[in-house]
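Trainee: Okay, here's the structure, questions in a sec.
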Amino acid sequence: MVELLQGGAYLVNGTEIVPATPEAAAAIQSKTGKEITQKEASENTIAYGILKSHNTSGNMDKLKIRFDKLTSHDITFVGIIQTARASGLQKFPMPYVLTNCHNSLCAVGGTINEDDHMFGLTCAKKYGGVYVPPHQAVIHQFAREMMAGGGKMILGSDSHTRYGALGTMAVGEGGPELVKQLLNQTYDINMPGVVGVYLKGTPVKGVGPQDVALAIIGAVFKNGYVKNKVMEFVGPGVANLSADFRIGVDVMTTETTCLSSIWQTDDQIKEFYEIHGRKEEYAELNPGQVAYYDGMIVVDLDKVRPMIAMPFHPSNTYTIEELNANLMDILDETEKRAMVSLDGAVEYSLKNKVKNGKFMVDQGIIAGCAGGGFENICAAADIMKGNYIGSDGFTLSVYPASMPVYMELVKNGCAATLMETGAIMKTAFCGPCFGAGDTPANNAFSIRHSTRNFPNREGSKLQNGQIASVALMDARSIAATAANKGVLTPATEFDGTIGKYKYHFDSNIYANRVFDSKGVADPEVEIQFGPNIKDWPAMCELPENMVLRVVSEIHDPVTTTDELIPSGETSSYRSNPLGLAEFALSRKDPNYVGYAKQVRAAQEAVMADKCPVEACPELELGVVVDAIKKEFPEVGKGNLGFGSTIFAVKPGDGSAREQAASCQKVLGGWANIANEYATKRYRSNLINWGMLPFLIEEGELPFKNLDYLFIPGIKKAVEEKAEVIKAYVVKGDSLKAFDLRLGELTDEERQIILKGCLINYNRV
């Protein structure tokens, strides 16, 4: 089904893979009649060409990228614009689309969410942007329909910013990276590796894009095969997939931890642009005659079968047939794995879902940027036709990804077919992906064609004793399960016809409702604020020497951004930095906020020219400072700062939300300490908020939670690019040394850390 080649590989004439062995050069010459070096061949990937055309540095090893367009949703755009305004923003320098698909439920939190929307509308008018009102489209569907372009690059403040199937290299990053683009700065990265994804064959009936995506994720996530690389989809199998199918695979590449994605394009993608009235945006993209890839994933589409990603990660994959054949063993394994993620906080069982040897599901959801596409919903309607979900506990909700998609489903009858079965048709909304819509009952099991199935991602709260499970599946198998009244069923068992429906895009829906400034700013417009939209608090520069208190210690194999700052009910506070920070680590470590605030008070005393020892007697900082002065007598008032840090083995998997870092920062955080960072975007978020992304060797830690750490000369170490940074654990009246590293930092990133945050770096 999925094979990973060890080492690099060449693709010759777009169809033949040649492993990068010592014999490769001769083999390539015999096939092409040309000699080519590995470096030359690496420049023949589609990704290289797009990156080169957007690089402003003149050095393809050290990229400085300017994007063509930006996009954000209503959980992120307020903070981004507030940060840019604090740094002197006058006008959006490029098309910037503000969508409203996350905080759409305006009844939650009173007027708070709608205040955010009005902030977005008035900012689009003032600075020259595009505003998409709630329920019109989810962020990524609007981008596909109205923003993508062949050979273009788009930066979005959502991790699933992926439009590679349409020939657009898109990157999901934290908000500060968009701020840099708004301030005419650049996205700075080393030239990423490029991994080929070679598709061959044709999917069998009942297999959809989520099945292919989950098969790939299951093969590459745990081993980091594509981490921070670009996935480039090539091979003869691409032509056997519709545009919608490719889009459905592409959006899920985020769950592999890759940096971005790109696909070769053809007449099916050309037709997509023509249908959407933007035929001029199409560009034919193909790798060169000989292209070199840093790795190669071979996917035999003929062999892919309906997949399920069991709780609590998209990489916990099985075929549905395999799960049903080994039900109790796999459920037992899943339960044991889940208890690690849940810290034993609640009772958790899946085996009680087995009735008469069948696994019973409580809920089905087809939604968002992954599941809400036209073809997915049409296929679900065909499978469900003439069946009924029944009047028991099972429910099915369907969220088309945009109003144009919804309109076509109404016109072609698929919406009526689904509604007749007992399914509920809803408007474009991302809530089921992050816990703000269709939250299941306690202990319920939900199957979803959406993007993630992390703990609490469906809206339950461990701290309240609640837990529900989400498994990821394709819309087709969700429909087959629904037609079977909740018995887990692969769509390959459906023996009817899944039709092919022609899509017609109605542009009037957007023309009549979306505000588009056409890039013209109106500085006379007053921004509409609400009582929950707050400015960022003042942040100081990096001190010469630093005392850090460890205020949380997490030893899970991976820590998601959902655990660092929960999604769902917190959404209403995302425009209020201090209000949102109250939720930081609330599901993982309820003591974190209180401990962090204690240390923040010490630094606030320093900033107010007061004695932190006297201001915070409960911290017993006098003992800590006395121990430090024994070995470092020069350290004291004027050159010593205080802050908090967390330790996590591998933090930052999941969402691009900058709040995973900014909440720590406004609570007084100065650093993270990790064995490894799960994603580039989380590490970038730390840096942009002036936090030190420390690395420590794997093994027994030299410190424990609530220990004090002293880092002398940290400012000088950052300035002078020290490779190893000497730190100390304060033990009674003595210091115990250990080593930290910062990893590679650009000169700009060092300056941001030294200034204390991106706002300070840019402040005018």
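Trainee: Using the Kirkwood radius over C-alpha pairs as Rh, can you work out the diffusion coefficient of the chain via Stokes-Einstein at 37 °C, viscosity 0.692 mPa s, in µm² per second?
Mentor: The calculation lands on 123 µm²/s.
Trainee: Assuming a ≥ b ≥ c are the square roots of the Cα gyration tensor eigenvalues, decide whether the stretch 545-762 counts as rounded (a/c under 1.5), prolate (otherwise, with a/b larger than b/c) or oblate.
Mentor: Since a/c stays below 1.5, the shape of the stretch 545-762 is classed as rounded.
Trainee: For the stretch 308-494, what does the relative contact order come out to in percent, with C-alpha contacts under 8 Å and a separation of six or more?
Mentor: 29
Trainee: Using mean Cβ contacts within 10 Å as the protection proxy, how do 178-191, 427-440, 572-585 order, highest first?
Mentor: Ranked by mean Cβ neighbours within 10 Å, highest first: 427-440, 572-585, 178-191.
Trainee: To the nearest 20 Debye, how big is the dipole of the stretch 308-494 about its Cα centre, given +1 on the beta carbon of each Lys and Arg and -1 on that of each Asp and Glu?
Mentor: The calculated dipole for the stretch 308-494 is roughly 280 debye.
Trainee: Here is a further query. Stretched out fully, how many nm does the piece from GLU634 to GLU582 gain, at 0.36 nm a residue minus the Cα gap?
Mentor: Value of the extension gain: 15.1 nm.
Trainee: Separate question: By per-residue mean of other Cβ atoms within 10 Å, what is the highest-first order of 660-669, 160-169, 212-221? Write down the numbers at each step before the final one.
Mentor: Values: 660-669: 26.9, 160-169: 28.5, 212-221: 24.9.
Top of the packing list down: 160-169, 660-669, 212-221.
Trainee: Another question about this same structure. With viscosity set to 0.692 mPa s and temperature to 37 °C, compute the Stokes-Einstein D of the stretch 308-494, Rh being the Kirkwood radius across alpha carbon pairs; µm²/s, no decimals.
Mentor: Values: Rh = 16.3 Å.
In µm²/s, the coefficient rounds to 201.
Trainee: How high is the relative contact order of the chain, in percent, counting Cα pairs under 8 Å that sit 6 or more residues apart?
Mentor: RCO, the chain: 14 percent.
Trainee: Shape of the stretch 67-186 from its Cα gyration tensor (a ≥ b ≥ c, root eigenvalues): rounded if a/c is under 1.5, otherwise prolate when a/b > b/c, or oblate?
Mentor: Oblate is the answer for the stretch 67-186, as a/c is 1.5 or above yet b/c matches or exceeds a/b.
Trainee: May I pose another question? For the chain, build the charge dipole from Cβ charges (+1 Lys, Arg; -1 Asp, Glu) around the Cα centre, then report which of LEU564, GLN363, MET147 sits farthest towards its positive end.
Mentor: MET147
Trainee: If you average the sequence gap of Cα pairs under 8 Å that are 6 or more apart and divide by the length of the stretch 67-186, what percent do you get for the contact order?
Mentor: Worked out over the stretch 67-186, it gives 32 percent.
Trainee: Along its principal axes, what span do the Cα atoms of the stretch 189-239 show, with the longest given first and each in whole Å?
Mentor: Principal-axis extents of the Cα atoms in the stretch 189-239, largest first: 41, 23, 14 Å.
Trainee: Rounded if a/c is under 1.5, else prolate if a/b is larger than b/c, else oblate: which is the stretch 301-341, with a ≥ b ≥ c the root eigenvalues of its Cα gyration tensor?
Mentor: oblate
Trainee: If packing is taken as the average count of other Cβ atoms within 10 Å, what order do 503-510, 402-409, 146-153, 551-558 fall into, highest mean first?
Mentor: Most protected by this proxy first, the peptides run 402-409, 146-153, 551-558, 503-510.
Trainee: Could you give the size of the charge dipole of the chain about its Cα centre, using +1 on the Cβ of each K and R and -1 on the Cβ of each D and E, expressed in debye and rounded to the nearest 20?
Mentor: Dipole of the chain, to the nearest 20 debye: 620 debye.
Trainee: While we're here: Can you tell me the convex hull volume per residue for the stretch 246-322, based on C-alpha atoms, in Å³ to the nearest whole number? It would help to have the intermediate numbers written out before the result.
Mentor: Details: hull volume 12.3 nm³, N = 77.
Convex hull volume per residue, Cα atoms: 159 Å³.
Every number here is computed from the coordinates shown, using simple stated rules; none is lab data. Since we're looking at a predicted model, the values are computed, not measured. Cβ sites come from the backbone with ideal geometry, for glycine too, and all protein chains shown count toward neighbours.
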